[in-house]
Structure formats: structure tokens, C-alpha cells
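*Asks:* Please find one structure pasted underneath; my questions will follow.
The values are calculated or read from the model by the stated rules, or taken from the named source; none is laboratory data. Given the structure is predicted, the values throughout are model-derived calculations rather than measurements. Neighbour counts run over all protein chains shown; Cβ positions are idealised from the backbone, glycine included.
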Amino acid sequence: MKSNLTDSSGSKRTVPVHDIPLWAFLVSIGLLIASIFLDNTISTRMPPEGTSFGDFHHLLRSLGYLPTWFIVGLILISSAPPKLRKSRLSVALFILLTAMVTGIIAELLKILVRRPDPVMGIEGSWKRVPWGEEWWNGSDLCFPSGHAAVAWGAAIAISRRWPGAAPWMMLLAVGCASGRVQARGHHPSDVIASLLLALLVSWWIDKSTPAAR
């Protein structure tokens, strides 16, 4: 897929939106299967509930908030030369859209799957939380991770447009996902499921939206 951008001289140039390699999907599926069996082992070794974490932990967690990527998009647009702002707007919108759609689907799946958070004593459990009066409230549900979904979605959208940034973006997303596991907000399989979801959403958005090409 390719996006038509305009450089500072006003001439057209083509910037590729790189395809997601098949191995990325296969590795994600493999990691998800493995992590399901390791959920209990890993989660029971996490710090106890109520543990305080430092500023860096909270910085990484902020990558799972959609407003963070709205601000990143504004920076991308405002820092571009006037002739490039339209193309930067398109890129910013696709980053935000990928993060948003991935996050929304993750939250909906969380309500349907109803897996409980890995609180001490029930780590690794798949026993569904009963439907109650506030069945729509996913705050105590964990599969998949909404924060990790947003972080993965944005990281993948950026990586497909600027491959040189891919190692750094994916490392930051890993940090966000790992922090959620460390804080007992999610099991490892929850955040890896979000990675697979983000890959599928990014593939679908760029495949089905002509403006992304």
C-alpha cells in the first residue's frame, strides 16, 4: 500500500505503507498460546497489589491512553511545513484511528469474555465474572487489555509508515504492556491478545480504506 504525499517543493512523492509480514501474525499467535499456559506462573511472581511504581512506569502506561496519541497527532501536523500538513493530517488520523478502533474492540471483547483481573489467589483464572447490574463495566475484567491494545495499535500504525522507528515504537508498547502485567492489571496472555488484535485491526483499516493507500 502507498500514500501519496507532497514534499516541500510541492511535487508528488510516494511513501509506502508497509505490509504486515505473515511472521508477525504467526509469532503473535504462538506467543498467545504459550502465554496462556504461563499466565499463572508469571502473574503469581508479580509485586503484590498496592505496590507503588515510579514515574517511568506511569509514562509507559500513558501510551495506552488515546488522548496521548491525539497529542502526538497534533505535534505531527503542527510541526510539518505548510505543504506537508495535509499528508501529515492523513497519517495522524490513521494512527489515531488504529489505536482507537483497537482499543474499542478490546473493551467490547473484555465485556464478552469476562475474565477476572489477576488479583492474588486467582491468577491465571478463566472463570467468567457473572453478569451483574453493571455488566458493561469492564474495570475488573482483563481479556484483552485495553491499554495495551491502544499502545500496540498506535505503535504498529507508526511502524508501518516509518519502519526505522519500528524497534523503538514496539519497545515502548512492550513497556506499556509489561507494566500492566507488573501492576496485576492483566495476565501476559491479555496483553499479547491485544497485540494480535492490533495487527488485525491495522491490516483491516489499511486494506479497506482507500485513503491509506
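*Asks:* Consider only pairs whose beta carbons are under 6 Å apart and that are at least six residues apart or on different chains; among these, list those whose first residue lies in segment 138-151 and is free of Cβ contacts under 8 Å to residues at least 40 places away in the same chain and whose second residue is part of a loop (DSSP other than H, G, I, E, B) and surrounded by fewer than 24 Cβ atoms within 10 Å (Cβ to Cβ).
*Replies:* What qualifies is ASP140/ASP117; LEU141/ARG114.
*Asks:* So, one more: Which one of these does ASP190 not meet: (1) over 26 Å from LEU59 (Cα atoms); (2) modelled with pLDDT of 95 or more; (3) acidic (Asp, Glu)?
*Replies:* For ASP190, the exception is condition (1).
*Asks:* In this structure, is ALA155 among the small types (Gly, Ala, Ser) and under 25 Å from ILE33 (Cβ atoms)?
*Replies:* Against the criterion (among the small types (Gly, Ala, Ser) and under 25 Å from ILE33 (Cβ atoms)), ALA155 qualifies.
*Asks:* Examine segment 137-154 for a residue that is touching a Lys or Arg at 6+ places or on another chain (Cβ under 9 Å), at pLDDT below 95 and surrounded by fewer than 13 Cβ atoms within 10 Å (Cβ to Cβ), and state whether such a residue exists.
*Replies:* The answer is no, given that none of the residues of segment 137-154 is touching a Lys or Arg at 6+ places or on another chain (Cβ under 9 Å), at pLDDT below 95 and surrounded by fewer than 13 Cβ atoms within 10 Å (Cβ to Cβ).
*Asks:* Only one residue in ALA177, ALA193, ALA154, ALA166 is within 15 Å of PRO21 (Cα to Cα) and in a helix (DSSP H, G or I), so which one is that?
*Replies:* From the options ALA177, ALA193, ALA154, ALA166, the qualifying one is ALA166.
*Asks:* Another question, if that's okay. In this structure, is ARG160 part of a helix (DSSP H, G or I), out of contact with any Asp or Glu (no Cβ under 9 Å at 6 or more places or on another chain) and either at pLDDT below 95 or of a type in the set (D, E, K, R) (or both)?
*Replies:* So ARG160 fails the test.
*Asks:* Here are the criteria: (1) of a type outside the set (Gly, Ala, Ser); (2) in contact (Cβ under 8 Å) with a residue 24 or more places away in the chain; (3) within 12 Å of GLN182 (Cβ to Cβ); (4) not in a loop (DSSP other than H, G, I, E, B). Tell me which single one PHE56 does not satisfy.
*Replies:* Checking PHE56 against (1) of a type outside the set (Gly, Ala, Ser); (2) in contact (Cβ under 8 Å) with a residue 24 or more places away in the chain; (3) within 12 Å of GLN182 (Cβ to Cβ); (4) not in a loop (DSSP other than H, G, I, E, B), the one that fails is (2).
*Asks:* Among the listed residues SER78, SER87, identify the single one that is surrounded by fewer than 16 Cβ atoms within 10 Å (Cβ to Cβ) and over 15 Å from SER178 (Cα atoms).
*Replies:* SER78
*Asks:* Looking at the structure I just gave you, is PRO167 over 17 Å from THR102 (Cα atoms), at pLDDT 95 or above and not small (Gly, Ala, Ser)?
*Replies:* Spelling it out, PRO167 is indeed over 17 Å from THR102 (Cα atoms), at pLDDT 95 or above and not small (Gly, Ala, Ser).
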